[in-house]
Amino acid sequence: MAPNTSRLLPRAFLAGGALFLLAALGAVPVVPPAWGQKGPHGDAHVRHVAQNTRPKAPARSTRRRLRDYDSYVRYFSGLAYTRSGVNLSTNFVRALIAAESAARPRAVSSAGAIGLLQIRPETGRRAARALYDTGYEFRFVDRRRLRRLSADDLKDPALNILIGCYLLDRYNAEFGDHLARTVGAWNAGPDRVRQYRGTPPYEETVGLIRRVNAFYLFFRRQDARTP
């Protein structure tokens, strides 16, 4: 579940022809997808995977639903949001969707997180506005909806995955493409990862990391078997 924190998405501004975000740790360059380039296979940018974890398949019904959104996952995970030539792992995004919502686009948690990636409305609105301010026209998404995102908009699979990939890419960039720390930031907030200098020791967070890790290894193995 993406944390609800006002520090996630500071105001965007233009400087010297490049787009930047004012982040808590200083100026972080943002690469609009039109400028960035795809890197090698996205899994190259997932570090410190617990290889001793046994791969686990999500429920068959989850995998079936997930296939309906694969074009969105592939497109939005393949964009370089923060680092030129570096994109998210499609298998990582699939694993997080499976773990967070069982690929149910209208899922709403008791904490108010919504959609495939369980994004809280305030976090979603800030991310959507930052994406709108890039001026980029994304496939599958009407850019006008990013300007004034509603909570109900997060039930739209394409919008949810776009916003989720943008946030995940920022966490990946800050935490060295480290699976556990990125998922820890996603669930408990990046401030908690900084505070503990690693995975926050919360039962919910640790459980989510384990599920994502096991699902990720499953999807990666499935990819390796595909001709």
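The values are calculated or read from the model by the stated rules, or taken from the named source; none is laboratory data. Worth saying up front: this structure is predicted, and the values here are computed from it rather than measured. A quick note on method: Cβ atoms are made from the backbone with ideal geometry, for glycine too, and the neighbour counts reach across all protein chains shown.
Contact map, the stretch 208-219: first residue in contact (Cβ under 8 Å) with a residue 12 or more places away in the chain, second residue crowded, with 23+ Cβ neighbours inside 10 Å and not in a helix (DSSP H, G or I), Cβ cut-off under 8 Å, separation 6 or more or different chains; pairs are 216/89.
Within the stretch 52-67, residues that are of a type in the set (Ser, Thr, Tyr) sit with their Cβ atoms under 8 Å from residues that are surrounded by 18 or more Cβ atoms within 10 Å (Cβ to Cβ), at 6+ positions apart or across chains, in these pairs: 53/213; 53/214; 53/217; 62/98; 62/103. Restricting attention to the stretch 193-210, the residues that are surrounded by fewer than 19 Cβ atoms within 10 Å (Cβ to Cβ) and in a helix (DSSP H, G or I) total 8. Going by the conditions given, is residue 81 assigned to a helix (DSSP H, G or I), surrounded by 21 or more Cβ atoms within 10 Å (Cβ to Cβ) and hydroxyl-bearing (Ser, Thr, Tyr)? Against the criterion (assigned to a helix (DSSP H, G or I), surrounded by 21 or more Cβ atoms within 10 Å (Cβ to Cβ) and hydroxyl-bearing (Ser, Thr, Tyr)), residue 81 does not qualify.
Put simply, of 224, 214, 180, 185 the only residue that is in a helix (DSSP H, G or I), closer than 21 Å to residue 76 by Cβ and among the aliphatic types (A, V, I, L, M) is 185.
Sort out which residues of the stretch 134-153 are in a helix (DSSP H, G or I) and either surrounded by 12 or more Cβ atoms within 10 Å (Cβ to Cβ) or in contact with a Phe, Trp or Tyr (Cβ under 7 Å, 6 or more places away or on another chain) (or both), and write them in order of number.
Scanning the stretch 134-153 gives 143, 145, 146, 147, 151, 153.
Of everything listed in (1) of a type in the set (A, V, I, L, M); (2) more than 24 Å from residue 86 (Cα to Cα); (3) at pLDDT below 95, the single unmet condition for residue 154 is (3). Evaluate the stretch 63-72: report whether one residue or more is of a type in the set (Asp, Glu) and either within 19 Å of residue 209 (Cβ to Cβ) or assigned to a loop (DSSP other than H, G, I, E, B) (or both). Yes, the conditions are met somewhere in the stretch 63-72. The selection criterion, being touching a Gly at 6+ places or on another chain (Cβ under 9 Å), modelled with pLDDT under 95 and farther than 18 Å from residue 213 by Cα, holds for residue 83.
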